[in-house]
Amino acid sequence: MEHKLKSISRAGIPEAISKAELYRNLNEPEEAESICRDVLEVEPENQLALRLLGLSITDQFTGAGSDHTAEVEKIFQSLTDLYERLYYTGILQERRAKAQLRADRSPHTLLPLFQEAMRCFAEAEKIRPKGNDDAILRWNRCVRLLQSRSPSDWQREVEAFDAHDSPPV
């Protein structure tokens with residue numbers, strides 16, 4: 001038996017987006033992702049659905065190679081507003097790093113992800129809408145995460161990595 005997806009109506013898009021937001025808030029990102037994909041089948045350029053889809057996918061990151069980082073990057077790069085492209089790309093890198101940290105990846109391998117996230121947040125901050133401090137809040141979270149380990153821990157791991165990869169003297 002073959003089942004086919006059904007299209008939602010244009011008139012139902014606002015309610016569908018509202019449901020996607022609700023499912024994200026209920027920590028059911030798979031449901032939100034499905035709804036966003038339905039909306040985007042009808043309105044491929046719907047900016048809110050694109051943002052929610054990218055966020056729903058990042059909500060599911062586990063730190064494994066199966067995380068859909070390339071798809072999310074493509075989604076966020078398709079946002080038309082430069083501030084949003086920068087901000088959400090920063091979110092992607094931050095969530096990627098945090099998921100890998102939870103998966104016990106070595107912190108020295110994650111430092112470039114945090115640095116890229118912070119670069120995106122710093123660029124977004126420069127062009128943020130008046131009264132929107134979201135990029136600053138995300139920057140600060142990254143700094144606090146980096147500060148949660150002593151600098152010597154980060155350095156020791158980098159030095160151990162460098163020593164392992166260096167040719168013998």
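Before moving on, here are some points about what is shown:
To keep it simple, each residue is scored yes or no on (1) of a type in the set (A, V, I, L, M, F, W, C); (2) free of Cβ contacts under 8 Å to residues at least 40 places away in the same chain.
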site: T62; (1), (2): no, no
site: G65; (1), (2): no, yes
site: R105; (1), (2): no, no
site: C120; (1), (2): yes, yes
site: G131; (1), (2): no, yes
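- Some residue of region 46-55 being touching a residue at least 40 places away in the same chain (Cβ under 8 Å) and in a loop (DSSP other than H, G, I, E, B): no
A short reminder: the numbers here are calculations on the coordinates, not readings from a lab. What you are looking at is a predicted structure, and each value in this text was computed from that prediction instead of being measured. Cβ sites come from the backbone with ideal geometry, for glycine too, and all protein chains shown count toward neighbours.
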